[in-house]
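Shown next, in structure tokens, is the structure this report addresses.
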Amino acid sequence: MKSLVKNMICRNGFWLACLSLLGATFTGRAQEQQQGVCAPVKMVINQKLAIERIGFQATMEITCNDPNDPITDFSANLTFENPIYSTNGVKNDASSLFFVQPPTFQNIQNANGTGVIMPGQTATVTWFIIPTTAAGGTTPAGIRYQVGATLGAKIRGTTIPSSSLAVFPAPITVQPDA
């Protein structure tokens, strides 16, 4: 059974994705969509600029478009990268420079690997993110980070391939506190 993954678009802090939820094989060609169930994912960062110790919000919406079966075992974890220190394809993990409050949920009980999104429902996961006092660096321009997420899920007991769950990161610049 073949499945489809639509390309993600990152504009103005918006992440859009379409997850493939059926089949054991993965293909990126839109022409090969056959019996695929698409679950749109939308992630929004409300601002592009933050100041150390001043928080901002990231919201992810996931819609289960399968009319009969829920998305199960859903997980979502935020990622933070400082691209300046990423080299040779190895991303610099900057997560220690951000405090992430426990998320809030709508139409899903959690995002820790046991979350369930019922058929036809849109689940919302919201994080409040606070840059630490070191996140802005020492220059007035601050430091630009990439905020992304890793996702995991199953449908009909089958794990959705990680290549279908990739999220393109969005930029956020953190300036030092005055």
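Report yes if V100 is at pLDDT 95 or above and either closer than 18 Å to V44 by Cβ or surrounded by 15 or more Cβ atoms within 10 Å (Cβ to Cβ) (or both), otherwise no.
Details: at pLDDT 95 or above: yes; either closer than 18 Å to V44 by Cβ or surrounded by 15 or more Cβ atoms within 10 Å (Cβ to Cβ) (or both): yes.
Criteria met by V100.
With within 20 Å of A166 (Cα to Cα), in contact (Cβ under 8 Å) with a residue 60 or more places away in the chain and of a type in the set (G, A, S) as the only criterion, which of A111, A123, A94 stands out?
So the residue among A111, A123, A94 that is within 20 Å of A166 (Cα to Cα), in contact (Cβ under 8 Å) with a residue 60 or more places away in the chain and of a type in the set (G, A, S) is A123.
Of the residues in segment 117-129, how many are surrounded by fewer than 18 Cβ atoms within 10 Å (Cβ to Cβ) and within 17 Å of the chain's Cα centre (by Cα)?
Of the residues in segment 117-129, 4 are surrounded by fewer than 18 Cβ atoms within 10 Å (Cβ to Cβ) and within 17 Å of the chain's Cα centre (by Cα).
Read through the list (1) at positive phi; (2) at pLDDT 85 or above, then give the number of the only condition that I71 fails.
So I71 meets the others, but not (1).
When the residues of segment 34-48 are filtered to those that are in a strand (DSSP E or B) and in contact with a Gly (Cβ under 8 Å, 6 or more places away or on another chain), which remaining residue is modelled with the lowest pLDDT?
Across segment 34-48, the extreme among qualifying residues is V44.
For the structure I just gave you, tell me whether L49 is of a type outside the set (G, A, S) and under 14 Å from the mean Cα position of the chain (by Cα).
Considered against the rule, which asks whether it is of a type outside the set (G, A, S) and under 14 Å from the mean Cα position of the chain (by Cα), L49 comes out as no.
Is it the case that segment 125-143 has a residue that's farther than 29 Å from L49 by Cβ and either touching a His at 6+ places or on another chain (Cβ under 8 Å) or β-branched (V, I, T) (or both)?
Within segment 125-143, none of the residues are farther than 29 Å from L49 by Cβ and either touching a His at 6+ places or on another chain (Cβ under 8 Å) or β-branched (V, I, T) (or both).
So which residues in segment 114-155 are over 26 Å from F74 (Cα atoms) and small (G, A, S), if there are any at all?
Result: A134, A135, G136, G137, A141, G142.
Being more than 17 Å from S96 (Cβ to Cβ), touching an Asp or Glu at 6+ places or on another chain (Cβ under 8 Å) and either modelled with pLDDT under 95 or not in a loop (DSSP other than H, G, I, E, B) (or both): is that true of G152 here?
yes
Looking only at segment 60-79, which residues are over 13 Å from V167 (Cβ atoms) and in contact with a Ser or Thr (Cβ under 6 Å, 6 or more places away or on another chain)?
Residue satisfying the conditions is T63 alone.
Go through segment 159-177 and count every residue that is surrounded by fewer than 13 Cβ atoms within 10 Å (Cβ to Cβ) and under 18 Å from M118 (Cβ atoms).
Residues in segment 159-177 being surrounded by fewer than 13 Cβ atoms within 10 Å (Cβ to Cβ) and under 18 Å from M118 (Cβ atoms): 0 in total.
Looking at (1) in a helix (DSSP H, G or I); (2) at pLDDT below 50, can you tell me which one C18 breaks?
It is condition (1) that C18 fails.
The values are calculated or read from the model by the stated rules, or taken from the named source; none is laboratory data. Source: prediction; values computed, not measured. Ideal geometry is used to build each Cβ from the backbone, glycine not excepted, and the neighbour counts take in all protein chains shown.
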